[in-house]
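Enquirer: Take this structure, written in structure tokens, and hold onto it; I'll ask about it next.
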Amino acid sequence: MSFAAQNILVTGASSGIGAATALRLASAGARLVLVGRNADRLQQTLLSLTGNGHLSYQCDLTDETATIDLLKTIKTEVSELHGMAHCAGNHWLKPLQLTDNASLQEMLNSHVGSSIILARGLLSSRLTPKNGCAIVWISSVAALQGGAGSLAYAAAKGAMISAMRVLAVELARRKIRINTVVPGVVQTPQSAAFLSQLTPEQVEAITKEHLLGLGEPEDVAAAIQFLLSADARWITGTTLVIDGGLSCH
């Protein structure tokens with residue numbers, strides 16, 4: 001799964017799955033374009049990459065104007081993108097009574113809104129090569145099974161899966177493949193913040209539900225690398241579950 005001479009955009013690259021994906025792709029020869037909201041952590045990821053010519057940009061991907069401007073800037077720097085891993089997004093717990101329209105819209109914008117903005121911008125900026133490219137979005141097992149307090153998050157992640165299937169049909173004629181990965185609980189700073197809101201008993205129960213234990217960012221990064229690679233050239237519109245067996249029961 002070599003990525004030599006390929007330019008890959010990775011969002012949410014300042015930590016967690018995004019950072020692990022960037023490290024893995026760089027080690028496979030890719031030239032990375034990193035995007036994140038935290039400039040200091042983004043710089044740390046950039047400095048840890050092997051290879052040369054990597055770029056990084058700070059951007060709020062829910063801001064359509066800023067995102068389109070960013071993609072235009074990237075166009076002047078790298079000419080074309082051969083792949084994109086969209087790993088950015090928020091996560092918090094709120095029960096139904098506290099999920100007002102503003103918080104719901106914030107979560108939807110963070111995940112499905114930013115995903116669609118990026119996909120549309122990729123086309124309008126003419127960043128896709130004539131022989132196509134690959135896109136991977138990060139959904140969540142929360143989209144597939146119920147969990148108290150995750151209403152907005154699950155709705156947003158479920159919408160990403162539905163949108164991905166539509167775009168797989170629309171973009172196939174342009175030779176653009178798009179898939180989602182669906183992780184269980186992965187040990188990242190974001191999941192640590194989520195787990196800190198639970199009791200020790202609840203954390204133990206969640207851990208036990210993952211038959212192979214909680215995941216590491218590298219576990220998801222490996223799947224993203226595969227779906228972006230030429231080895232997955234006949235795969236589009238697919239949802240790949242990576243959850244340590246959580247959804248088996």
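The values are calculated or read from the model by the stated rules, or taken from the named source; none is laboratory data. For clarity, every value in this text was computed on a predicted model and none was experimentally measured. Here the Cβ is made from the backbone with ideal geometry for all residues, glycine too, and neighbour counts use every protein chain on show. Keep in mind that these areas ignore ligands, DNA and RNA; they rest on the heavy atoms of the full protein, side chains included. Shrake-Rupley method; radii C 1.70, N 1.55, O 1.52, S 1.80 Å.
Enquirer: Compute the helix-to-body angle for 200-209: its Cα long axis versus the longest principal axis of the chain, expressed 0 to 90° and rounded to tens.
Expert: Around 60 degrees separate the two axes.
Enquirer: Right, something else. Find the relative contact order for the chain and round it to a whole percent, using C-alpha pairs within less than 8 Å whose residues are 6+ positions apart.
Expert: Across the chain, relative contact order equals 21 percent.
Enquirer: Counting only protein heavy atoms, what percent of the accessible surface of region 1-158 is carbon or sulfur at a 1.4 Å probe?
Expert: Exposed carbon and sulfur together represent 50 percent of the surface.
Enquirer: Collect residues whose amide H, placed 1.01 Å from N in the peptide plane, falls under 5 Å from the amide H of VAL185; neighbours closer than 5 in sequence don't count.
Expert: Amide H neighbours of VAL185: GLY215.
Enquirer: Helix-derived [θ] at 222 nm for the chain: sum -39500 (n - 2.57) over DSSP H runs of at least 4, divide by residue count, nearest 500?
Expert: Value at 222 nm, helices only, nearest 500: -13000 deg cm²/dmol.
Enquirer: Based on the alpha-carbon gyration tensor of region 99-207 and its eigenvalue square roots a ≥ b ≥ c, which shape applies: rounded if a/c is under 1.5, prolate if not and a/b is larger than b/c, or oblate?
Expert: Prolate is the answer for region 99-207, as a/c is 1.5 or above and a/b outweighs b/c.
Enquirer: After finding the eigenvalues of the alpha carbon gyration tensor for region 21-92, what semi-axes result from the square roots of 5 times each, listed largest first in whole Å?
Expert: Calculated on Cα positions only, the semi-axes equal 19, 16, 11 Å.
Enquirer: What is the local net charge at LEU49, summed over the other residues whose Cβ is closer than 12 Å to its Cβ (Lys, Arg +1; Asp, Glu -1)?
Expert: So the environment of LEU49 carries a net charge of +2.
Enquirer: So, one more: With each label point set 7 Å from Cα along the Cα-Cβ vector, what nm distance links LEU55 and CYS248?
Expert: With each label point 7 Å from Cα toward Cβ, the separation is 4.4 nm.
Enquirer: Then there's this: Evaluate 2.2 N^0.38 Å with N set to the residue count of region 1-135, then give the Cα radius of gyration divided by it.
Expert: 1.08
Enquirer: What number of lysine-lysine pairs in the chain show an alpha-carbon separation below 18 angstrom, given a sequence spacing of 8 or more or placement on distinct chains?
Expert: For the chain, qualifying lysine pairs total 4.
Enquirer: Could you check the simple spin-label distance between ALA148 and ALA192, using points 7 Å along Cα→Cβ, in nm with one decimal?
Expert: 2.6 nm
Enquirer: What trypsin sites (Lys or Arg not before Pro) in region 38-139 are in a loop by DSSP, with at most 12 other Cβ atoms within 10 Å of the Cβ?
Expert: Those that pass, being in a loop and sparsely packed, are ARG126, LYS130.
Enquirer: Using the Cα atoms of region 165-249, I'd like the radius of gyration and the largest Cα-Cα distance, Dmax, both in angstrom.
Expert: 15.8, 50
Enquirer: Here is a further query. In whole Hz and in residue order, list the ³J(HN,Hα) couplings for region 139-148 that follow from phi through the Karplus curve 6.51 cos²θ - 1.76 cosθ + 1.60, θ = phi - 60°; x for Gly and Pro.
Expert: Those phi angles translate into 9, 7, 4, 4, 6, 9, 9, x, x, 4 Hz.
Enquirer: Measure of size requested: the Rg and Dmax of region 65-119, with Cα atoms as the atom set and Å as the unit; please supply both.
Expert: Answer for region 65-119, Rg first and Dmax second: 14.9, 48 Å.
Enquirer: Return the label of the correct value of P(r) over Cα pairs in 5 Å bins from 0, in percent, as calculated from the structure shown, out of [x] 1, 6, 11, 12, 12, 10, 9, 8, 7, 5, 4, 3, 3, 3, 2, 2, 1, 1, 0, 0; [y] 1, 6, 12, 15, 18, 17, 13, 9, 6, 2, 1, 0, 0; [z] 1, 6, 14, 19, 21, 17, 11, 6, 3, 1, 0.
Expert: Checking each listed value against the structure points to [z].
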